[in-house]
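First the structure, in the form of structure tokens, and then the observations on it.
Every read-out reported here was derived from the displayed coordinates using simple, explicitly stated rules and does not represent laboratory data. Nothing here was measured: the structure is a model prediction, and the numbers come from that model. Positions of Cβ are backbone-derived with ideal geometry, glycine not excepted, and every protein chain shown enters the neighbour counts.
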Amino acid sequence: MKKLPKLGLLYLDYVLRFFDKSNFKGWPDKIETVTYHWKNDKARFIKEVKKKKIDILIGNIPATAYDTFVEIAKELPHVRFVPSLETQFSNKSKENVTLFCEKYGIDIPKTKIFYDKEKGYKYLKNKATYPQIIKRSYGASNYGGYYVHKADNFKEAKELLDDKKYVPIYTQDAIDLKYSGDLRVMLIGHKPICAFWRFSGDGEWITNTSQGGSMSYENVPMNALELAVKASKAAKAEYWACDIAIDAKTDKPYILECATAFAAFPYIRDWICQYLMWDFSNGRFKKPHVPLFSWEELGKIDSSLLRTMRHIGFGKYTPSCDGEFYLPTDDSKFDMEKALLSNSNDVPDSIAPVIEKEEKITTISTKKSSDYEVSKINLNTATLTDLMSLHGMEEELALEIQELCEDLIITDASDLLEIESIEEQLLETWHENIDDMRVDINQADKTTLKKIKGIGAKLAKIILDYKESIGKFTSIDELKEIDGVGKNKFTQLKSRLKIGE
């Protein structure tokens, strides 16, 4: 019997794990794990993969590490990446999603991408039809709809882009959504295994469920499933997800997003790994059987319970011999099948300027990428949208940060260590994205000073009394002249206070 390949799970620091060894229930051999530690870890990582003799490396790669792992994959030609780097091309940016769909003739809304701002503005002013959907092309995969905007006219579009400074300008014709919702379709081996509508909340237009939308598993149209299958096959994806808009006037489906990186219930991750074991073992493990539209029944289960369920299975249907209840058995159009192996020709050509293509992202802390600009964030005034742009940020954590800011003025990122789930290593990844948050000592009142860590009501009064006696501070070193401010306290205050411009 042919020896099974050596499996490895790919993890990255600060990135949520999609798979765990428990998802590969029944795999008889040891499954290795390898973790990429950012900051020029490429050589060590390659060495570890070789040392552990891994044949198949399984895991999604975040947008900020995509270019680095393209280089890593070239150094490991005998290792099969699952999904392949070519398959994960669409994970990197909205631009890549568009290039992928255009290369393979997959229907998308009319989309324009401009690296030249003036050309983008000219299009939006003279040629675009409104409303337009403007998106930030590049960013972490978990920001959902936080960087998707609707502009009803050129004035709104220009004001948005002047403020956000998105590069490239990525803009689409808005689809008149059927039922005011879009569809999320998940596939394994090109077979749809879960699909649901996402409807916008009251008074909202965006359908992302993390921003107030609702879900329904009922009445998913067949043409949306067919489009998702077409995209999955073009990507040669072992597992895949699409967001699809249905035009209310024509019922035609269009791809809005597609990627291998998506949120999935635990049982879906189990199904993916059952499928992968069937693939890797050449059939020694049984291919999972997931009936079409099974999501309608599973969707009736309370979502809090559904989030914990594991190892759900289905028996195959056997038609009744007397014909009393009969279903066609030829469902080959939606049967699971092995994904084809990728090659370098599968990836579309970039439209980014050459100078930007050559800039490689090698560390998680790199602020300036070749594809977009990020404004510095002051945590005290940051919106939920701003916080969600930080790498590895989850909505629950962003809300904790906002709650902390209600009682504390954050003057140094280390103040966030009061939150249990934040560690110093995570703060390091945000370093270049965080603005100078020190408070101008000449502008601060007592209420402000009292909310700064290390300054209580007593010290706040002493500082303000001293400022009144000298008129204003001209140097932060003048704090040394205040009674009770010793060397250690001055060092602390210097990191939290400044002289404004």
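Look at the alpha carbon pairs under 8 Å that are at least 6 residues apart: their mean separation over the length of the range 384-498 gives a relative contact order of 26 percent. Of all DSSP bridge pairs formed entirely within the chain, close to 70 percent run antiparallel.
Rounded to whole numbers, the Karplus 3J(HN,Hα) couplings from phi for the range 42-57 are 4, 4, 5, 4, 4, 4, 5, 4, 5, 4, 7, 6, 7, 8, 10, 10 Hz, using 6.51 cos²θ - 1.76 cosθ + 1.60 with θ = phi - 60°, and x at Gly and Pro.
With respect to the chain, whose longest principal axis is taken over its alpha-carbon atoms, helix 117-126 is tilted by about 70°. Using the alpha-carbon positions of the range 63-182, Rg (one decimal) and Dmax (whole number) come out as 16.5, 53 Å. Compared with the alpha-carbon gap, the fully stretched path from Asp335 to Lys249 is longer by 27.9 nm at 0.36 nm per residue. Scaled to the globular estimate 2.2 N^0.38 Å, the Cα spread of the range 442-501, given as radius of gyration, is 1.00. 3J(HN,Hα) along the range 76-82, derived from phi through the Karplus expression 6.51 cos²θ - 1.76 cosθ + 1.60 where θ = phi - 60°, amounts to 10, x, 9, 9, 8, 8, 10 Hz, with x in place of Gly and Pro. Near Gln274, once Lys and Arg are set to +1 and Asp and Glu to -1 for all other residues with Cβ below 13 Å from its Cβ, the sum equals +4. Projecting the Cα atoms of Ala157, Phe114, Pro62 onto the dipole axis of the chain, where Lys and Arg carry +1 and Asp and Glu carry -1 at the beta carbon, places Pro62 farthest toward the positive end.
Compared with the alpha-carbon gap, the fully stretched path from Ile351 to Lys53 is longer by 103.6 nm at 0.36 nm per residue.
Here is the P(r) of the range 384-498: all C-alpha pair distances, binned every 5 Å from 0, give 2, 10, 20, 23, 15, 12, 10, 6, 2, 0 in whole percents. Compute the angle between helix 94-103 and the longest alpha-carbon principal axis of the chain, please, reported from 0 to 90 degrees and rounded to the nearest 10. Here the helix axis deviates by roughly 30 degrees.
Inter-label distance, Asn40 to Asn282: 4.4 nm, where each label sits 7 Å from its Cα along the C-beta direction. Dividing the summed -39500 (n - 2.57) terms of all DSSP H runs of n ≥ 4 by the residue count of the chain sets its mean residue ellipticity at 222 nm at -8000 deg cm²/dmol. Convex hull volume per residue, computed on the Cα atoms of the range 1-149, equals 166 Å³.
Using Cα-Cα distances under 8 Å and only pairs 6 or more residues apart, what relative contact order does the chain have, in percent? It rounds to 14 percent for the chain.
Extension gain for Ser495-Asp107 works out to 134.3 nm (0.36 nm per residue, less the C-alpha to C-alpha distance).
Applying 1/(1 + (r/R0)^6) with R0 = 22 Å to the Cβ-Cβ distance of Ser180 and Asn223 gives a FRET efficiency near 0.75. What the Cα convex hull of the range 215-284 gives, in volume per residue, is 119 Å³. Where q = 0.09, 0.10 Å⁻¹, what log10 of I(q)/I(0) comes from the Debye formula for the chain, counting one point per Cα? The calculated log intensity ratios at q = 0.09, 0.10 Å⁻¹ are -0.73, -0.88.
Put simply, the amide H of Gly59, placed in the peptide plane, has neighbours under 5 Å in Leu10, Val82, leaving out anything fewer than 5 places away on its chain.
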